[in-house]
Amino acid sequence: MEWLRCNFCWVKVESQAQPFHLTQCGHIYCSKCVGKAIKRCFQCGTMDTIALPLKEPLSPQIEHYFQNSADLLDKVTSAQKFQEAQLTLCLQRGDAADAKYQALKEAYWKNNENLKKLNEKYTRLKMMVVAMQQEQKKKAAPARYTL
Ligand SMILES: [Zn+2]
Ligand SMILES: [Zn+2]
């Protein structure tokens with residue numbers, strides 16, 4: 001990386017065998033300057049900071065600092081697409097569940113309506129039966145209860 005230079009003596013990272021260090025305050029120092037820099041950062045003046053050696057494998061927290069930003073953007077874009085697709089699937093499933101619920105609700109009310117009609121029919125039939133029974137009693141009664 002062209003831009004990777006010690007933030008104090010400005011040597012390139014390739015010029016030293018020892019790894020460069022990244023301070024907590026976000027500054028980079030070569031192995032010769034890092035000792036002083038962690039006591040007081042040459043760039044921002046932060047005192048007693050810590051520094052991570054820049055060697056493979058890089059810690060996941062800082063790995064992206066050194067990746068090509070166009071690649072990172074691709075990663076972010078594909079992550080976004082993936083998450084959107086997943087969300088769409090969840091929403092579609094929600095819609096499907098909703099449609100199923102609506103259908104069940106309609107079927108329930110239809111059944112309820114049918115049951116009501118059946119009940120009315122049954123009540124009418126029962127009343128007819130009762131009326132017929134009374135009619136028969138009336139016919140039979142005079143023979144039995146006259147006197
Ligand atoms: Zn240096
Ligand atoms: Zn600093």
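Of note:
- For the range 112-142 versus the range 1-51, the inter-centroid distance based on Cα atoms is 100 Å.
- Inter-probe distance in nm under a simple model that places probes 7 Å from Cα toward Cβ, at VAL130 and ALA17: 11.1 nm
- Degrees between helix 69-145 axis and first principal axis of the chain (Cα, 0 to 90, nearest 10): 10 degrees
- Cut-off 9 Å between beta-carbons: net charge of the residues surrounding ASP48, Lys and Arg +1, Asp and Glu -1: +2
- The local environment of ALA37, defined by Cβ-Cβ distances under 15 Å, has a net charge of +4 under the rule Lys, Arg +1 and Asp, Glu -1.
- Residue exposure sequence - HIS27, HIS64 - by fewest surrounding Cβ within 10 Å: HIS64, HIS27
- Excluding same-chain neighbours fewer than eight residues apart, the lysines reachable from LYS116 by a Cα-Cα span under 23 Å are LYS105, LYS126.
- GNM on the chain, alpha-carbon springs under 10 angstrom: the most fluctuating residue among TYR101, TYR122, TYR29 is TYR122.
- Quarter of Cα convex hull surface for the range 1-46, i.e. mean projection, nm²: 2.9 nm²
- For the chain, built as a Gaussian network whose Cα springs stay under 10 Å, the top-fluctuating residue of ALA103, ALA37, ALA131: ALA131
- Per-residue ellipticity at 222 nm, computed for the chain from helices alone with -39500 (n - 2.57) per DSSP H run of at least four residues, works out to -21500 deg cm²/dmol.
- Value of relative contact order over the chain, rounded to a whole percent, pairs C-alpha under 8 Å and six or more apart: 12 percent
- For TYR108 and CYS90, the difference between the fully extended length at 0.36 nm per residue and the C-alpha to C-alpha distance is 3.8 nm.
Only the coordinates and a few stated rules stand behind these numbers; no lab work does. If you're wondering where the values come from, they're calculated on a predicted model, not measured in any experiment. All Cβ positions, glycine included, derive from the backbone under ideal geometry; neighbour counts span all protein chains shown.
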